[in-house]
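The values are calculated or read from the model by the stated rules, or taken from the named source; none is laboratory data. Computed from a predicted structure; not experimentally measured. Cβ placement follows ideal geometry from the backbone for every residue including glycine, while neighbour counts extend to all protein chains displayed. All accessible areas refer to the heavy atoms of the entire protein, side chains included, with ligands and DNA or RNA removed. Shrake-Rupley method; radii C 1.70, N 1.55, O 1.52, S 1.80 Å.
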Amino acid sequence: MSPKRRLAHNRLFPKSVMVWAGITATGKTPLVFIERNVKINSEVYQKIVLMDNLLPWVTQHFAGGPFILQQDWAPSHGSRSTLAVLEAHFPGFLDKNLWPASSPDLNPMDFSVWGMLEGKIAGKVFATVDDLKAALEVAWASIDDGYLRRTVNSVKKRLKACVKARGSNFEILL
């Protein structure tokens with residue numbers, strides 16, 4: 001394959017990864033990279049995300065203190081087996097009755113963090129998926145606690161605006 005053809009191929013099919021992460025006003029979880037071709041079903045979500053990564057992190061970060069888990073309610077988040085894991089290890093999580101599904105304007109990871117993280121690596125070309133992962137780790141590490149605090153604290157204002165707009169578009173009210 002000629003160098004020109006390889007270059008065009010790389011532009012048409014850029015490197016990508018699936019990643020999970022979480023934030024609080026006082027810290028952020030490690031990034032969790034999901035291997036290529038792995039479907040995030042309930043079993044994978046429970047093992048890789050909740051038990052292998054989130055539970056050890058919250059145990060250390062909150063040292064037994066209170067916290068509330070809010071998730072976006074993808075299908076793997078709401079299965080009976082996942083709910084049993086949440087009830088056993090993450091008491092006080094916001095269930096579907098307390099947090100609306102498909103609400104990216106209320107989820108700080110969606111309305112702020114993912115875009116900011118993507119912006120930190122935008123315009124760069126990565127030769128390998130491992131190079132992309134390394135760049136994401138560096139970008140993630142550069143996010144400071146002040147940004148996290150401001151982002152998490154903005155959720156209350158967003159919730160009030162959402163209620164005022166009766167669930168309609170509320171960004172104009174912010």
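Suppose the filter is out of contact with any helix residue (DSSP H, G or I) (no Cβ under 9 Å at 6 or more places or on another chain) and at pLDDT below 95; does Gly92 pass it?
Criteria met by Gly92.
How many residues, within segment 53-74, are part of a helix (DSSP H, G or I) and either of a type in the set (Ser, Thr, Tyr) or touching a helix residue (DSSP H, G or I) at 6+ places or on another chain (Cβ under 8 Å) (or both)?
So the count comes out to 2.
How many residues are open to solvent by less than 50 Å² (accessible area, probe 1.4 Å), among the aliphatic types (A, V, I, L, M) and in a loop (DSSP other than H, G, I, E, B) when one looks only at segment 119-174?
So the answer is 2.
Say whether the condition of being at pLDDT 95 or above, closer than 15 Å to Trp20 by Cβ and of a type in the set (Ser, Thr, Tyr) is met by at least one residue in segment 127-142.
no
Check segment 98-115 and report whether any residue there is open to solvent by 40 Å² or more (accessible area, probe 1.4 Å), closer than 24 Å to Lys15 by Cβ and hydrophobic (A, V, I, L, M, F, W, C).
Looking for residues that are open to solvent by 40 Å² or more (accessible area, probe 1.4 Å), closer than 24 Å to Lys15 by Cβ and hydrophobic (A, V, I, L, M, F, W, C), one finds at least one in segment 98-115, hence yes.
For the structure I just gave you, tell me whether Val152 is touching a Ser or Thr at 6+ places or on another chain (Cβ under 7 Å) and closer than 25 Å to Ala25 by Cβ.
Spelling it out, Val152 is indeed touching a Ser or Thr at 6+ places or on another chain (Cβ under 7 Å) and closer than 25 Å to Ala25 by Cβ.
I'd like the full set of residues that are open to solvent by less than 40 Å² (accessible area, probe 1.4 Å) and either among the charged types (D, E, K, R) or out of contact with any Pro (no Cβ under 7 Å at 6 or more places or on another chain) (or both), limited to segment 20-32.
Ala21, Gly22, Thr24, Ala25, Gly27, Thr29, Leu31, Val32
I'd like the full set of residues that are assigned to a loop (DSSP other than H, G, I, E, B) and open to solvent by less than 60 Å² (accessible area, probe 1.4 Å), limited to segment 33-49.
Val38, Ile40
Based on this model, can you work out whether Thr59 counts as modelled with pLDDT of 90 or more, of a type outside the set (D, E, K, R), surrounded by fewer than 12 Cβ atoms within 10 Å (Cβ to Cβ) and within 19 Å of the chain's Cα centre (by Cα)?
Considered against the rule, which asks whether it is modelled with pLDDT of 90 or more, of a type outside the set (D, E, K, R), surrounded by fewer than 12 Cβ atoms within 10 Å (Cβ to Cβ) and within 19 Å of the chain's Cα centre (by Cα), Thr59 comes out as yes.
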